[in-house]
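What follows is a single structure, written as structure tokens, with notes after it.
Readers should treat all values here as calculations from the given coordinates under stated rules, not as data from a laboratory. Predicted model, so just to flag it, every value in this text is computed and none were measured. Reconstructed Cβ throughout: ideal geometry from the backbone, glycine too, with neighbour counts over all protein chains shown.
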Amino acid sequence: MLLQMFWETLHGRNPFPPDGDMALPETFFWVAVPAYWGAGLAAAALAYARRTQPAVPEGCSEPSSDPLASRAAC
């Protein structure tokens with residue numbers, strides 16, 4: 001969608017011309033589309049980080065907040 005918006009704008013056309021029920025200004029789409037993709041990517045990155053976080057071995061406390069800390073002491 002962003003590529004289409006850039007392409008149409010570079011060629012002097014409004015990527016989202018007013019159409020009957022939908023008469024939103026072009027500025028709305030330049031804010032809403034990147035925000036939508038940004039929120040989706042942030043949610044996916046958070047889900048991936050939580051899913052791939054290493055498990056804490058039994059007998060160890062919670063993982064350190066320092067990503068460089070060694071877990072060999074457990």
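Can you pull out the GluC sites (Glu not before Pro) in the range 5-58 whose DSSP state is coil and whose Cβ has at most 12 other Cβ atoms within 10 Å?
Glu58
Mind ordering 42-51, 9-18 by average Cβ neighbours within 10 Å, highest first?
9-18, 42-51
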